[in-house]
Structures are given as C-alpha cells and as structure tokens.
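The values are calculated or read from the model by the stated rules, or taken from the named source; none is laboratory data. Please read all numbers here as calculations on a predicted model, not as lab measurements. Neighbour counts are summed over all protein chains in view; Cβ atoms, including those assigned to glycine, are modelled from backbone coordinates with ideal geometry. These accessible areas exclude ligands, DNA and RNA; they are computed on the full protein's heavy atoms, side chains included. Shrake-Rupley method; radii C 1.70, N 1.55, O 1.52, S 1.80 Å.
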Amino acid sequence: MARVLPMLIRRLLILIPLILGIIAFVFIVMQFAPTDPATAAFNGGNPTAEQLQQFKEENGLLDPLPLQYVHFVTDLVSGNMGDSLISGTPVLDSISTALPLTIQLTVLGLVIAIVLSLIFGVTSALFRDRWPDQVIRVISLGGVAAPSFWLALLMIQYLAVQLGWFPTGGYVNPSDSVGDWLWYMALPALSLSLPVAAQLTRIIRTSMVEELDKDYVRTAIGSGLPYHVVIGRNVLRNALINPLTVLGLRVGYLLGGAVVIEQIFGLPGMGQLMINGVTNGDPAVVQGVVIVIAVGFVVVNLAVDILYLLVNPRLRSAA
C-alpha cells in the first residue's frame, strides 16, 4: 500500500489542472453564446443603452477576459455559481435540486447495466461458440449500435402507450414511495443502461474467454476443484479487472446520456435544467450545469482508475 500511495497522490494532483482546464473551456465557449447576459437580465424588456452599460459595469462584463475568468473561478471555489438571469435564484440552489435526480438515474442505470452484462457476458463465455453465445453476441451488437434516446422513444411507444405497463413520464420521489419511484424510473433507466450493458457484455465475454483458456484453469479443474468454484473464485474475479478500465468511461456516458433521457421522460433533473437555460437564454444556468456534469465525469473516472489500481496486483507491484 505504501508504494501505491504516491501514485494515488499523483492522480489526485492531475485532477486540479484538469478541472481548471474544463472550467476555462466552458467559460470561453460561453463567451460565444448568442445571448447577451445584459439584455437577458431585463427579461425581454427594452433597456436603454445606459442601463445595459450600467449592468455590465456592475457585473464585471467589461473587464478583460482573463480577469473575468479569475473572478469566475474565485466565485466557484467559494460556492457561488451566480444567479439565474430569468428567475434571479442562485444557480447552485437550482443544481442542488436537480442533481439528486440525475444521480439516481445514473446509479440505477449503472446497476442495471452491471447486472445484465455480468449475466449475459458470463453466460456467453461459458457457452462459447454455441447457440447461447451466438444469440447473446448478436443482441449485444445490436445494443451497442442502438442509441439510448431511440430506445427511450421505442419503449414509450410500445411499453407505455400501447401496453400501458409503465408511465410515459414524470417523477415520484423515493421518499414518498420506493415502488412508485422504481415504476417511473424503470423506462428511463433501462433505455439509458442497455447500450452500456451491451458494451460491457462484449468486454466481459472476451475477458472471460481469455481467462478460461489459461493453464491455471485446466490445472485447477484437473486437480479436482469443482467447476463452479474455479469460475466464481478465480476466473470471474480475474476477468473483471479489465472491464474496470472502461467502466469509468461508461459511467461518464450514463451521466451525459441522463441529460437527454431526462428531457424525453420529463424528469426534473440536470438535463431539463440545462435545456430550460438554453431556451430561456440563461447562460449562468447552462454554464453551471455543464461544469458540474464535466467535473462529475472526471471525478468518476478518477475513482474508477483508483479502484482499478487497488484491485490489480500487477499495477500495485509496478507502483
């Protein structure tokens, strides 16, 4: 563990300039937004040139861009993301209300993707080149090619509208009813998780096949160890190390895809908050949402990298 600690510290130190770079990128991109913050602040009114000038001076919009960026980062560090130009409420308050739903959808989608990929990936490997393997490989290939928003529309059409098994949209807080929460979140989570499950299935299948072909498996089985013990304790555990390398990217995909899925199902999460900010010409809201999602993506990938480092003995030895 002592040799692993310096590597973990280096990973954490890399996170600081990476986050600053993300913030800088978002800040620069928002400077090219067609909406003028000074004009949007008057909610469609007809401000005079003097009023616009006064607003820009009071909010530092006339300062050089490097100085504006420094002020922007300083405010972020202090927990201030600015106020919405439309509602006047702090952006951080709006994000703190919307973010829990996005996290719920992402985590639920991740759980479904992991469970499905483990079941189908392991089954496909154990029945290699037989009909279960062929069927699972064809289905997973189709799942990889199917975008989540298209699956969401199909599920709404057939499972919600025609069959009436699920609601077409809406949200119930889990504190009110866990059963209703699962019922309303089922279709969004499924449509979000199926492409990820298909990708992980193929990776787990490949990793399992590689492990099954190694000498230690034949030796263990030949020495009399039960087959299910060898698969569960050795093969599966070793085979799951490689899928961890891509899990971080897949979690980031779930987090980003949740923004689109929320809009389709009318969920009041970060996606709907960002779309409303774009529609209403509210750059502070859009800026805040993009930064939170991007930073969340980076932090999740760092957490997965650290987990991979801890569970992989070869990397621990190299450290």
Listed residues Val138, Val259, Val91, most fluctuating in the chain (Gaussian network, C-alpha, under 10 Å): Val138
Mean shadow area of the stretch 117-242 over all directions, Cα convex hull, nm²: 10.1 nm²
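Extension gain Leu159-Val229, at 0.36 nm per residue separation less the Cα-Cα distance, in nm?
Details: separation 70, 0.36 × 70 = 25.20 nm, distance 3.96 nm.
Length gained, Leu159 through Val229: 21.2 nm.
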For the stretch 73-139, Kirkwood radius (reciprocal of mean inverse C-alpha pair distance, Å): 15.7 Å
Ala24-Val135 pseudo-label distance in nm [points 7 Å out on the Cα-to-Cβ vector]: 5.4 nm
Surface accessible to a 1.4 Å probe, per residue, for the residues of the chain, Å²: 53 Å²
Length released on extending from Ile221 to Ile103, taking residue separation times 0.36 nm less the Cα-Cα span: 38.2 nm
Cα convex hull of the stretch 95-177, projected area averaged across orientations, nm²: 7.5 nm²
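Before anything else, pin down the relative contact order of the stretch 181-319: Cα pairs under 8 Å, at least 6 apart, normalised by residue count, whole percent. Walk me through the intermediate numbers first.
On the way: 93 pairs, mean separation 33.0, N = 139.
Reported relative contact order: 24 percent.
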Contact order relative to length of the chain, as percent, for alpha carbon pairs under 8 angstrom and 6 or more apart: 27 percent
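In the chain, which whole DSSP H runs stretch at least 30 Å along their own axis (Cα) and average 1.6 or higher on the Kyte-Doolittle scale?
Values: long enough: 4-31 (42 Å, 2.35); 91-126 (51 Å, 1.96); 178-212 (42 Å, 0.73); 241-265 (35 Å, 1.35); 283-311 (42 Å, 2.38).
Going by DSSP H runs, the hits are 4-31, 91-126, 283-311.
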Residue with peak Gaussian network fluctuation, the chain [Cα springs, cutoff 10 Å], from Val70, Val111, Val299: Val70
Cα Rg, Dmax, the chain, angstrom units: 24.2, 88
Top of Thr106, Thr89, Thr123 by mean-square fluctuation, Gaussian network on the chain, Cα under 10 Å: Thr89
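So if a site counts as exposed when it's one of the chymotrypsin sites (Phe, Trp or Tyr not before Pro), its DSSP state isn't H, G, I, E or B, and it has at most 16 other Cβ atoms within 10 Å, what's the longest stretch of the chain without one? Let's see the in-between values first.
Working: sites that count: Phe32, Phe42, Phe127, Trp165.
Value returned for the longest uninterrupted segment is 166-319.
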Under-5 Å amide H pairs with Asp83, H placed in peptide plane, nonlocal only: Val91
Per principal axis, descending, Cα span of the stretch 175-273 in whole Å: 58, 28, 17
